[in-house]
1. List the pairs from LYS158/LYS191; LYS158/LYS212; LYS191/LYS259; LYS77/LYS191; LYS77/LYS256; LYS111/LYS158 whose alpha-carbon separation is above 22 Å, in the order I gave them.
2. Computed over the Cα atoms, what is the radius of gyration of the range 74-268 divided by 2.2 N^0.38 Å, N being its residue count?
Amino acid sequence: MKLKIWSITALVVAITALYLTTASLSAKAQLPSRPPVTAEAATTGLPTVQTAPEIDPTPSPTPTPTPLPPRKHTYNKCHVAGSEIAMTFDDGPHPKLTPMLLDMLKERGIKATFFLVGKNAADYPEIVHRIVAEGHEVANHSWSHPQLTKLGPDALNKEIAQTNEAIHQATGIQTTIMRPPYGATNAAITKRLNDEFGLAVIMWSVDPLDWKIRNSAHVTKYITENTTPGAIILSHDIHPTTVEAMPAVLDTLTAKGYKFVTVSELIALDLPEPVQPTAKTTPAKTRK
Ligand SMILES: [Zn+2]
C-alpha cells in the first residue's frame, strides 16, 4: 500500500513537471516581439530597457526615426527650442583674414558657416579645405557676386554650378545651401535654386552692415544687442574691421549663453513657427 501511494505520487509529480515545461515553452513562444526602440531613444542614444533573452521568431521592424521637418525654400532665421544661433561669413575666402578668423573660431571651439564666392574658392582651395577640416560649413554665394535677378537663365546656371564645383573640388562636399549676393532673389530664382540645384536660400536676421560701417565697435555692439535664439547673423570675412570685432562678438554671445552651430545644423533644429495669438513683438531696429 505504501509503495503504491509513492508510485502514484511520483507519477503525478512527473505529469505535473511535463505539463509545466510544455506550458512554459508555449508561453515563451507566444511572447510578444520586443517593442520597437522609440524614435526618441534612437535619436538621443539613451539606452533602451533590456529584457531577458527570449525566443523572438518574428523580429520587430526597424524603428523609423522621427523624420526631419521638410526644408523650407528660404530661411531668414530659425525657431529653436534652445539657444542655438548661426554665425555666417560672406564673400571669402580671403587669403589673410579668413585664416585669422579660423584661428579665432578654433581657439573657442565655435562652428560657423562660410558663404564662398566661387572664384575666391577656386583661388584659395587650401583655405576652403581648412574651413571644412575644422568643422565649419561651406556654402554657395555665386561665382562672381552679381545680382542674380539681373541674370539670364544660362548665366545664373553658370554662377551656381561653377561655385558648387569649386567647393566640391576643394572639399569633396556638395553644398545644399546658398545665399544670393545682396540677398537679391525672387520667387522664380528661389524655385530654380531649390528644384534644380537642391539649394535652400539662406538670408539673415541680424545685419550689422559691416560692409558699409567699417567699425569694429559698431559690429560688436550691433550683433550682440540684436541676436536672439535661432538667429542667422550676417557678416563678411573680407573686412579687417569685421574680423577684428569677432573675439568680442563671439565671447559676448557665448557669455550670454548662445550656442554656435552651422546653418545646416540650425535648419535641422527648426520648429514650426510659434503661434503669436495677440501681441506682435517687433525687434527694435536701429539701422536699416
Ligand atoms: Zn556677398
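1. Numbers: LYS158/LYS191 16 Å; LYS158/LYS212 28 Å; LYS191/LYS259 31 Å; LYS77/LYS191 19 Å; LYS77/LYS256 19 Å; LYS111/LYS158 29 Å.
Among LYS158/LYS191; LYS158/LYS212; LYS191/LYS259; LYS77/LYS191; LYS77/LYS256; LYS111/LYS158, the Cα-Cα distance tops 22 Å for LYS158/LYS212; LYS191/LYS259; LYS111/LYS158.
2. So the Cα radius of gyration is 0.95 times the expected 2.2 N^0.38 Å.
Readers should treat all values here as calculations from the given coordinates under stated rules, not as data from a laboratory. These figures come from a predicted structure and were not determined experimentally.
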